[in-house]
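Written below as structure tokens is the structure these notes are about.
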Amino acid sequence: MINRTKLPGSSANHIAEAFQGFTVEEYRDYVRKVMELPVYGFEGMTYGEGFFKPMVSLVEYLSDNGFTVYISSGSERHMLRELVEGTLDQWIPADQIIGSSYTLTAPNQGDTANRDYDLGVNEPVILAGTPATKNLKAGKVYGIIDEIGKTPILVFGNSSGDLSMGRYAVENGGKAYMLLCDDTERDYGDVDVAEAFAQSCKEFGCETVSMKDEFTTIYEEDVVMAEETAEELDLAA
């Protein structure tokens, strides 16, 4: 069992503070290094390889059939751009990624408002240490409206943070499909959580897809779950 003391405040604030003062390039380089690390709880896979194969196939299929595919995630946008580069960017370029964001500033800007400050010669852009937007729940709908300007025809998600986006598509003539993380043999799923999520999906007008019953594969063939139990991997404990 891994014990972790919960700090006051939101995780978004803590993560933003952790990277305060990083240039955008330094932050993205850090993400690339983390992508090379092995995924905790699995053998044979790095964080940069941790994509569900059926979802990658879906992105490829939609792109090949004339759809423009966007990523809308609660994760930070620059991190997502690094994860996608060399994996999904042939179908989803950087400007088709919507995510949460951190505020940006410059080393000499201080308290001067953006509208009143000009960057100095070769002055880098750095992370200011505070969240700017959180792309979850209703925030995902607002992000789609602001950044795409069109209602999605199809929405795919896997958490409660995706339900508002799904409802937005369904109520405007689209379809929404939510993935149930119910596979406890090939992944660290939770049947009870999946059942509760399935009920929420029904209430929001979203259809569901079972990882256990409808995914013939999840990761590459040589990827296996580590011997640690799900209990040992419960980071919230």
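The values are calculated or read from the model by the stated rules, or taken from the named source; none is laboratory data. All figures in this text were calculated on a predicted structure; none of them were measured in a lab. Glycine also receives a Cβ, built like all others from the backbone with ideal geometry; neighbour counts cover every protein chain displayed.
Some points to look at:
- For segment 31-46, the set of residues classified as more than 16 Å from Thr87 (Cα to Cα) and under 17 Å from the mean Cα position of the chain (by Cα) consists of Val39 only.
- Counting residues in segment 96-112 that are more than 19 Å from Leu136 (Cα to Cα), buried (at least 19 other Cβ atoms within 10 Å of the Cβ), among the polar types (S, T, N, Q) and without any contact (Cβ under 8 Å) to a residue 12 or more places away in the chain gives one or more.
- So Thr46, is it farther than 17 Å from Gly129 by Cβ and in contact with a Pro (Cβ under 7 Å, 6 or more places away or on another chain): yes
- Residue match in segment 105-124 (condition: under 20 Å from the mean Cα position of the chain (by Cα) and either modelled with pLDDT of 95 or more or within 19 Å of Gly74 (Cβ to Cβ) (or both)): no
- Matching residues, segment 26-48, being part of a helix (DSSP H, G or I) and either small (Gly, Ala, Ser) or in contact (Cβ under 8 Å) with a residue 60 or more places away in the chain (or both): Tyr27, Gly48
- Selection from segment 138-190 of residues that are small (Gly, Ala, Ser), touching a residue at least 12 places away in the same chain (Cβ under 8 Å), surrounded by fewer than 18 Cβ atoms within 10 Å (Cβ to Cβ) and closer than 18 Å to Val69 by Cβ: Gly174
- Set side by side, the residues Pro124, Pro54 differ, and just one is in contact with a strand residue (DSSP E or B) (Cβ under 7 Å, 6 or more places away or on another chain) and either under 23 Å from Asn158 (Cα atoms) or surrounded by 13 or more Cβ atoms within 10 Å (Cβ to Cβ) (or both), which is Pro124.
- In segment 157-185, the residues that are part of a strand (DSSP E or B) and not small (Gly, Ala, Ser): Lys175, Tyr177, Met178, Leu179, Leu180
- Filter result for Arg77 (of a type in the set (Lys, Arg), touching a helix residue (DSSP H, G or I) at 6+ places or on another chain (Cβ under 8 Å) and crowded, with 17+ Cβ neighbours inside 10 Å): no
- Verdict on Val31 being farther than 30 Å from Glu214 by Cβ, buried (at least 16 other Cβ atoms within 10 Å of the Cβ) and not acidic (Asp, Glu): yes
- Segment 67-79 residues that are touching a residue at least 60 places away in the same chain (Cβ under 8 Å), paired with ones that are surrounded by fewer than 19 Cβ atoms within 10 Å (Cβ to Cβ) (beta carbon under 6 Å, 6 or more apart): Tyr70/Gln96; Gly74/Gly161
- All positions within segment 39-87 that are among the aromatic types (Phe, Trp, Tyr) and modelled with pLDDT of 95 or more: Phe42, Tyr47, Phe51, Phe52, Tyr61, Phe67, Tyr70
- Matching helices (runs of 4 or more DSSP H) fully within segment 53-156 where at least 3 residues are of a type in the set (Gly, Ala, Ser): 138-147
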